[in-house]
Structures are given as structure tokens and as C-alpha cells.
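Heads up, the thing below is written out as C-alpha cells.
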Amino acid sequence: MSTSLRYWWVVWLAGLFVFALLRIPHGPLAIPEVPGGILDHQAAGTAEEVDRIQAAWAAAGLSGHAFWGMVGDFVFIGIYGIGAVLGGMHFRSGQRFLGAGIALAGGLFLLTDYAETISQLIQLTRDAGDDRLAAIAATAQPVKIAAFIVSFLGILAALAIRRFSRPAA
């Protein structure tokens, strides 16, 4: 295994591991008033809805969970996104189109998820919704989800293609 392959593989897998760990603190954020948890906050779209969600979390004693979940997202976004970009660049040598698509999706994921999370965190730390920031988060959410899915499935597809296209020894 080459150094570049080993590097992006470790970074990408570490990103997935952090993602799995972050699902634990996000779980308590799904309460009856906010059934979608953090996803509802991301998709809120208006200051009024952000304020409602944050007030419900505060009343349930979950503001700290929300804060640390968002901080943890920063770590996940960077690790996974860089791993996806590096993975895409690695696969460009043998699968030019697929590798470029993975790298592009990884970069798009980095940009949109950071825009979304920064917008959310600003509103949470101010304890006040902001229509412009809520709109940024709501607009970025579906794009980052799509970019994550494309990069994740793209890497799995590239790995499968590489594995099954090798000549038998």
C-alpha cells in the first residue's frame, strides 16, 4: 500500500469514526418539540424557527449538548472532507472521472458543511436566531448531504472497481 493511499485511507476512516461518535451527542437533541434534533436546526430557515428550537433545547437542558455537537462537527467535517478530497485525488490516477467526482464532492462537502455549521454555531452562541444565517444553513444542508453521499459512495465504488479489476495472480 502506497503512502498516499495509506494516508487518505486513515484520514477518511478517521472521519467516519468521528461521525459515528458524534451521533451519540446528537441523539438527545431529538426531543418531542424538536423531533429531528440537529437536522431540524440545520433546516430551520428562519430566525423564528431557530429561536423556537434553541428555546426548546434550553428548556430541556440540552444547550450544552448542541454546542459540543456542533464543535464536534467541525472536527468531523475537516477530517472526513480532507480524506474524501485526498481519496478522490488518489483514485484519479486509475479512474479519472470517478476520482475527480469524489474530490469535487469532498470539497463541496467541506465548503457547505462548514458554512452550515458556522451559521448554526453563531446562532447558538448568540442565543438568537438570524434570518440570514438560518437561510445559509438551510440552503447548505441538502447540498452537503448530497456531497457526503456522493463522496462516500464514490470512494466505496472506486475501492470495489480497483479490487475487482485486478488481474488474478
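The values are calculated or read from the model by the stated rules, or taken from the named source; none is laboratory data. Bear in mind that the values here come from a model prediction, so they are computed numbers and not experimental data. Cβ sites come from the backbone with ideal geometry, for glycine too, and all protein chains shown count toward neighbours. For the accessible areas, the whole protein counts, side chains as well, though only heavy atoms, and no ligand, DNA or RNA atoms are used. Shrake-Rupley method; radii C 1.70, N 1.55, O 1.52, S 1.80 Å.
Extension gain, Arg96 to Ala55: 0.36 nm times the residue separation minus the Cα-Cα distance gives 9.9 nm. Of the residues Phe91, Phe152, Ala59, the one whose Cα sits farthest towards the positive end of the charge dipole of the chain is Phe91 (charges of +1 on Lys and Arg Cβ, -1 on Asp and Glu Cβ, taken about the Cα centre).
The charge dipole of the stretch 3-163, taken about its Cα centre with unit charges on the Cβ atoms of Lys, Arg (+1), Asp and Glu (-1) only, comes to about 1100 debye. Other residues with beta-carbon under 12 Å from the beta-carbon of Ala158 carry, at +1 per Lys or Arg and -1 per Asp or Glu, a net charge of +4.
Could you look at the stretch 3-163 and say what percent of its accessible area is carbon and sulfur, using a 1.4 Å probe and all protein chains? Walk me through the numbers on the way to the answer.
Numbers: 5530 of 7700 Å².
Roughly 72 percent of what the probe reaches on the stretch 3-163 is carbon or sulfur.
Contact order for the stretch 3-163, expressed relative to its length and based on alpha carbon pairs under 8 Å spaced 6+ residues apart, stands at 29 percent.
Counting only protein heavy atoms and a 1.4 Å probe, the chain has 51 square angstrom of accessible area per residue. Let a ≥ b ≥ c be the square roots of the eigenvalues of the Cα gyration tensor of the chain; is it rounded (a/c under 1.5), or, if not, prolate (a/b larger than b/c) or oblate? Prolate shape, in that a/c is at least 1.5 and a/b is the bigger ratio. Screening the chain for DSSP H helices whose Cα atoms reach 27 Å or more along their own axis and whose mean Kyte hydropathy is at least 0.0 gives 3-26, 63-91, 96-126, 131-164. The Kirkwood hydrodynamic radius of the stretch 24-107, based on inverse pair distances between different Cα atoms, is 14.6 Å.
Answer rounded, prolate or oblate for the stretch 84-169, using the Cα gyration tensor with square roots of eigenvalues a ≥ b ≥ c: rounded when a/c is under 1.5, else prolate when a/b is larger than b/c, else oblate. Don't skip to the end; give the middle numbers.
Working: a/c = 4.10, a/b = 3.90, b/c = 1.05.
It is prolate, given that a/c is not under 1.5 and a/b is the larger ratio.
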